Amino acid sequence: MEKQTYKGISGSTLKIIALISMFLDHFATIVMQNSVHTGSTYCLSAIGRLAFPIFVFLLVEGVQHTRDMRRYVGRLALFALVSEIPFDLAFSGKILTMTYQNVFWTLLIGALVLIGCRRAEMIEVWVWRYLSIILIICSGMLLAEWMHTDYGGLGVAAIALLYICRQTKSTQLLAGCVAFSWEPVAMLAFIPIAFYNGQRGRQMKYIFYCFYPLHLLVFYGLTKL
């Protein structure tokens, strides 16, 4: 029996695009921050703007299709903790600082917001249903701002907006562009997302989780050479 093929871009391909984009961005921000090649640094950082919207989209997909929500949230929480020291070393040169937290915290808060929204959607009275959803989203945004997470409240709002508009692909793409309109280059991320075929692709569950803290440690080491 022939193996069925799917046209478009799988989730694993999107993840690879995001990882490469993030790698280039962090290389420019951490390793080349004192470089005289400001043009190259700017270009690499611009490419890096594609990463977060893709991870937001994949998070929304993950929350909808995961078989074990507790394990999914648990992984985000674990690697938010694991990544904090590498993140602080890379971006501040300190072992631990509370001034700015890594992106896993934003994704974790976003995932909790989506879980809350899913439960709120079961409320029969529509007024209380929508008020509950608004309250949950606003609480998540405030928490992200209070914790000073990467992308902060705007990141959580983007996660919520892509989830709310998930029923129609064109609406979701438009909502994503609106959510990142404050960062125009980031809107280009919705071009590859538009070709997402709904398939997971190759198993890459832990590649992003491990890649994130490891590449930050490597870049920190390069700044010390």
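The values are calculated or read from the model by the stated rules, or taken from the named source; none is laboratory data. The structure presented is a predicted model; accordingly, all values stated were derived computationally and were not measured. Note that each Cβ is placed from the backbone with ideal geometry, even for glycine, and that neighbours are counted across all protein chains shown. Accessible surface is based on the protein model in full, side chains and every heavy atom, while ligands, DNA and RNA are left aside. Shrake-Rupley method; radii C 1.70, N 1.55, O 1.52, S 1.80 Å.
Residue-by-condition table, conditions (1) among the small types (Gly, Ala, Ser); (2) modelled with pLDDT under 95:
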site	(1), (2)
Leu58	no, no
Ala80	yes, no
Gly93	yes, yes
Leu96	no, yes
Val113	no, no
Cys117	no, no
Trp126	no, yes
Ile133	no, no
Fill in: So Thr171, is it over 15 Å from the mean Cα position of the chain (by Cα), within 22 Å of Ile20 (Cα to Cα) and part of a helix (DSSP H, G or I)
no
Worksheet item: Would region 205-221 turn up any residue that is more than 18 Å from the chain's Cα centre (by Cα), closer than 13 Å to Phe27 by Cα and without any contact (Cβ under 8 Å) to a residue 60 or more places away in the chain?
Response: yes
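Do you know which of the residues in region 142-168 that are outside any helix (DSSP H, G or I) and in contact (Cβ under 8 Å) with a residue 40 or more places away in the chain is farthest from Leu58 (Cα to Cα)?
Kept after step one, since they are outside any helix (DSSP H, G or I), are these residues of region 142-168: 148-151, 165-168.
Those left that are additionally in contact (Cβ under 8 Å) with a residue 40 or more places away in the chain: 148-151, 166.
Details: His148: 22, Thr149: 19, Asp150: 17, Tyr151: 16, Arg166: 12 Å.
By that ranking, first place goes to His148.
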Worksheet, complete the sentence: Flagged in region 12-29 as open to solvent by 20 Å² or more (accessible area, probe 1.4 Å) and of a type in the set (A, V, I, L, M, F, W, C), in numbering order, are Ile16, Ile17, Ile20, Phe23, Leu24, Phe27
